[in-house]
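Quick note: the coordinates plus some simple rules give every number you see, no bench work behind them. Computed from a predicted structure; not experimentally measured. Cβ placement follows ideal geometry from the backbone for every residue including glycine, while neighbour counts extend to all protein chains displayed.
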Amino acid sequence: MNNPLHIAIMAGGNSSESEISLRGAAQMAQWLAPDRFVPHTVLVRGTQWVLKHPQHGDIAVSRDDFSVHLPDGQHLRFDCALVMIHGTPGENGLLQGYLEMMGIPHTTCSTMSAAITFNKYVCKELVRPTGVGLARGLLIKRGQPFNAQRIVEELGLPLFVKPNASGSSYGVSKVKTVADLPAAVEAALAEGSEVLVEEFIGGREFSCGVFKPAGELEVLMPVTEIISHTEFFDYNAKYNHQSNEVTPAQISAKLAGTMQQLASRIYDRLQCSGIVRVDYIVTPEGQPYFLEINTVPGMSAESIIPQQVRAMGSTMRDVLNMVIADAMQRHSCR
């Protein structure tokens with residue numbers, strides 16, 4: 001039998017979702033097959049990278065070669081990075097750039113794809129040829145003057161205001177009056193330097209996972225409907241049990257198939273790797289509108305992707321076997 005691979009589960013990060021990342025990392029360590037993988041949680045906070053060792057406590061990770069010198073004299077080298085960091089640096093390409101420069105296989109998109117998908121405005125423009133619906137919107141940069149009345153005249157009310165490059169649900173507002181728009185923009189600017197303002201699209205919210213292992217059949221996961229108890233699918237709805245998630249969604253096979261095929265096209269268009277999740281709003285007329293793509297989706301036991309995997313009749317252990325094998329194969333082909 002081959003020696004098990006040492007897997008660095010990258011967790012934490014610099015965004016508002018660092019604690020959610022740690023939860024997911026702990027769950028991932030439990031899912032990994034113990035006969036094939038040795039999990040190691042690596043906490044990333046700014047320039048501080050530490051291995052959370054069960055016996056020796058926190059040990060600094062050398063970024064010179066992405067390894068750890070253990071107190072017992074062992075030199076631990078990681079065979080693959082399983083990225084569980086939401087927001088920066090795990091979803092915007094910064095971590096991917098480092099790993100690719102160091103020649104470390106990783107489980108997420110490439111540097112280029114991660115940077116593109118993290119920028120909501122650029123991402124929307126790139127997915128336009130797939131045929132998915134897109135809400136009208138505009139970009140406001142920090143320090144750029146804007147006329148709230150003109151924006152409302154152009155896009156109508158209500159509006160959604162969100163950070164343009166953020167992996168979290170912080171800073172997102174639903175604006176119902178012209179007077180509320182400036183404060184919403186300021187709240188979004190607290191999370192990033194650019195703000196996306198979009199028209200409101202009414203409908204039901206859905207999510208679909210996609211994974212296309214190299215050289216194998218694509219995995220189109222069952223569609224989940226997200227029924228939020230809050231006004232929209234915000235942080236509380238996502239992480240504090242303020243929503244119901246129905247998997248598989250109680251919708252027609254035709255509509256589910258449409259969303260799955262769109263997710264597949266979007267995956268290819270953005271040159272994604274690993275598991276991603278594509279979120280939609282579907283209008284009463286049955287038109288899916290693209291909300292966003294999550295290239296590091298949540299992975300706690302109750303998260304949407306694990307729900308969809310269970311609904312497929314599979315297990316997260318089996319899926320992670322495929323994800324890591326795919327990362328190793330993509331690396332060997334470079």
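For the pair T177 and I227, what calculated FRET efficiency results from E = 1/(1 + (r/R0)^6), where r is the Cβ-Cβ distance and R0 = 22 Å, to the nearest 0.05? List each step's numbers first, then the result.
Details: r = 26 Å, r/R0 = 1.20.
E between I227 and T177, to the nearest 0.05, is 0.25.
Would you mind ranking V219, V127 so that the residue whose beta carbon has the fewest other beta carbons within 10 Å leads the list? Can you show the working numbers first?
Numbers: V219 18, V127 21.
Least to most surrounded, the residues fall as V219, V127.
Given R₀ = 30 Å, what would the calculated FRET efficiency be for R269 paired with L138, taking r from the Cβ atoms and rounding to 0.05? List each step's numbers first, then the result.
On the way: r = 22 Å, r/R0 = 0.75.
After rounding to 0.05, the efficiency reads 0.85.
Taking Cα atoms, how many degrees apart are the long axis of helix 316-332 and the longest axis of the chain, rounded to 10 and kept between 0 and 90?
80 degrees
Could you size up the charge dipole of segment 5-107 around its Cα centre, putting +1 on the beta carbon of Lys and Arg and -1 on that of Asp and Glu, and report it in debye to the nearest 20? Don't skip to the answer; put the middle values down first.
Numbers: 6 positive and 10 negative charges, 22 e Å.
The dipole magnitude comes to about 100 debye.
On a full-extension model of 0.36 nm per residue, what is the gain between H75 and S332, subtracting their alpha-carbon distance, rounded to one decimal in nm?
On the way: separation 257, 0.36 × 257 = 92.52 nm, distance 2.32 nm.
Result for the pair: 90.2 nm of gain on full extension.
If you stretched the chain out fully between S252 and E199, how much longer would it get, using 0.36 nm times the residue separation minus the C-alpha to C-alpha distance?
Residue separation times 0.36 nm, minus the Cα-Cα distance, leaves 16.4 nm.
Filter the cross-link list K176/K254; K52/K162; K52/K120; K120/K176 down to pairs whose alpha-carbon distance in this structure exceeds 25 Å.
On the way: K176/K254 34 Å; K52/K162 34 Å; K52/K120 33 Å; K120/K176 22 Å.
Violating the 25 Å Cα-Cα cut-off are K176/K254; K52/K162; K52/K120.
Once the piece of chain linking M112 and A214 is laid out straight, how much longer is it, given 0.36 nm per residue of separation minus the C-alpha distance between them? Numbers along the way, then the final one.
Working: separation 102, 0.36 × 102 = 36.72 nm, distance 1.81 nm.
Residue separation times 0.36 nm, minus the Cα-Cα distance, leaves 34.9 nm.
Taking a virtual spin label 7 Å from the Cα of A301 along the C-beta vector, which residues in segment 27-45 bring their backbone nitrogen under 12 Å of it?
Zone members listed by number: 27-28, 30-31.
In segment 59-74, whose amide N lies under 15 Å from the spot 7 Å out along Cα-to-Cβ of T47? List them in ranges.
Residues 61-64 qualify, since their backbone N sits under 15 Å from the label point.
So for the pair Q287, A311, with labels modelled 7 Å out along Cα→Cβ, what separation do we get in nm?
2.5 nm
At N147 and V38, where each label point lies 7 Å from the Cα along Cα→Cβ, what is the point-to-point distance in nanometres?
Each label point lies 7 Å from its Cα, and together they span 6.5 nm.
Of all GluC sites (Glu not before Pro) in segment 173-216, which ones are in loop regions per DSSP and have a Cβ with at most 15 other Cβ atoms within 10 Å?
On the way: sites: E186, E191, E194, E198, E199, E205, E216; in loops: E191, E216.
Filter output for segment 173-216: E216.
On the Cα set of segment 137-199, report Rg and Dmax in Å, please.
10.3, 29
For segment 15-144, what does the relative contact order come out to in percent, with C-alpha contacts under 8 Å and a separation of six or more?
Working: 133 pairs, mean separation 19.1, N = 130.
With pairs under 8 Å counted, the relative contact order is 15 percent.
I'd like the antiparallel share, as a percent to the nearest 5, of DSSP beta bridges with both residues in segment 5-107. Don't jump to the answer; show the numbers that get you there.
Numbers: 12 of 25 bridges.
About 50 percent, rounded to the nearest 5.
Plugging the Kirkwood radius over Cα pairs into Stokes-Einstein for the chain, at a temperature of 25 °C and a viscosity of 0.890 mPa s, what D comes out in µm²/s?
Values: Rh = 20.6 Å.
In µm²/s, the coefficient rounds to 119.
Compute the long axis of helix 253-269 from its Cα atoms, compare it with the longest principal axis of the Cα atoms of the chain, and write down the angle in degrees, 0 to 90, nearest 10.
70 degrees
Give me the percent of DSSP beta bridges within the chain that run antiparallel, rounded to the nearest 5. Don't skip to the end; give the middle numbers.
Numbers: 47 of 61 bridges.
The answer is about 75 percent antiparallel.
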